[in-house]
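What follows is a set of notes on a single structure, which appears directly below.
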Amino acid sequence: MRHLLSYRKRVLTPALLAGMAYAGAPDQVTNIFNPLSTPANSVYRAALLALAVCAAIFVSVVILLIYAIVRFRHRPGDDASEPPQIYGSNQIELAWTVLPILIVVVLILVAARTIADVQDYPQPPDALKVTAVGRQWWWEFHYPDLGIVTANELHVPVSKSDRRQITSLTLESADVIHSFWVPQLSGKTDLIPNRVNRMWIEPKQAGVYLGNCAEYCGTQHAKMRLRVIAHSPEEFGAWVASQRQPAADDPQASAGRQIFFSTSCVNCHSIQGTSAKGTFGPDLTHLMSRQTLGSGAAPNTPEKLRAWMRNPQAIKEGCLMPDMQLSNRELDQVVAYLLTLK
Ligand code: CUA
């Protein structure tokens, strides 16, 4: 036994910890089994324990069941009468009352410690502050200290062992309850109208982390996807600098620009440095720096952008972006203008 314990201490624990030491890159699917951020790792460890306890219960029950089936099966020569019936056994009653209580208490304690670890974690003063607003059906991200507003793609710096970098999120909702969930980065936290929730992430690897709204919020709940893009500090600095630029104003696109500013586009969308100040839809200042349209409903390519402008409902039925009833020529011109918003 002592051998086993010391083996565990010397070999297994470091190996397990190394295995958990943020191996690999972000996955191409939402994955709870490859945490790459401190809070996700705490949740993962608690989940593994719960899974192990459930697996042990499952295996014991199956073994007992198989034993009973084989040992007490019908044999030739058995008479048809029932076997002796036993009523009441203090030992058995006690065992199946006390044991589950103990298991539940252990799980409660582990869960409480994990929740406290994650929720009470002191946020360092240099944490990047971002406010995420859930909307039907997209995400708005504000960086109050940087003066940046963007949508659906949350850009953050990666955290390194020699220079930790935490992103501290304030969660709000503009309409109904949503839930922010990027499984490789943290557990889910709801965005609730008239309430402010907080959570934090600390991505350990650069790359794109996939997430999704995790609380049913209406027709397009499934197309309320979310990307967290973790950059090296230098890359993040470059992203911030480019996002703080006012919108491009390419004279080549003036026809489309004029259509954009003379229709109701401006009632819902903002373009920094222009008179478009709508706040109902996503900020379009740097639209083309984003990877997807409609919160992950389609890739952000010129063709898809045109299809989206022509009839958003065909790509994301029920979304609040109306069909603007533009002619083909006007469509081409507006798309040409939007393509300059890099
Ligand atoms: Cu937002 Cu589901």
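Here the peptides 273-284, 242-253, 205-216 are ranked by packing, the mean other Cβ count within 10 Å, and the order with the highest first is 205-216, 273-284, 242-253.
Summary of the geometry: segment 71-103 and segment 227-275, compared by the centres of their Cα atoms, lie 72 Å apart. When the listed pairs Lys129/Lys204; Lys277/Lys316; Lys188/Lys342; Lys160/Lys277; Lys188/Lys277; Lys223/Lys342 are checked against a 26 Å cut-off, the alpha-carbon distance exceeds it for Lys188/Lys342; Lys160/Lys277; Lys188/Lys277.
The Leu146 and Ile57 beta-carbon pair, evaluated with R₀ = 41 Å, returns a calculated FRET efficiency of approximately 0.25. Highest mean packing first, where packing is the average number of other Cβ atoms within 10 Å per residue, the peptides 218-229, 122-133, 175-186 line up as 175-186, 218-229, 122-133. Modelled spin labels at Thr131 and Lys188, positioned 7 Å past Cα toward Cβ, are 2.5 nm from each other. Overall form of segment 128-243: prolate. Here a/c, set by the Cα gyration tensor axes a ≥ b ≥ c, is 1.5 or more, and a/b is the larger of a/b and b/c. With springs connecting C-alpha atoms under 10 Å apart, model the chain as a Gaussian network and identify which of Pro233, Pro35, Pro83 has the largest mean-square fluctuation. Residue with maximal mean-square fluctuation among Pro233, Pro35, Pro83: Pro83.
The DSSP beta bridges internal to the chain are antiparallel in roughly 70% of cases. Taking the helices alone, the chain has a mean residue ellipticity at 222 nm of -12000 deg cm²/dmol, built from -39,500 (n - 2.57) per DSSP H run of at least 4 residues and averaged over all its residues.
FYI, it's all coordinate maths here, none of it is from the lab. Remember, predicted model here, so these are calculated numbers, not experimental data. All Cβ positions, even for glycine, are placed from backbone atoms using ideal geometry, and neighbour counts span all protein chains on display.
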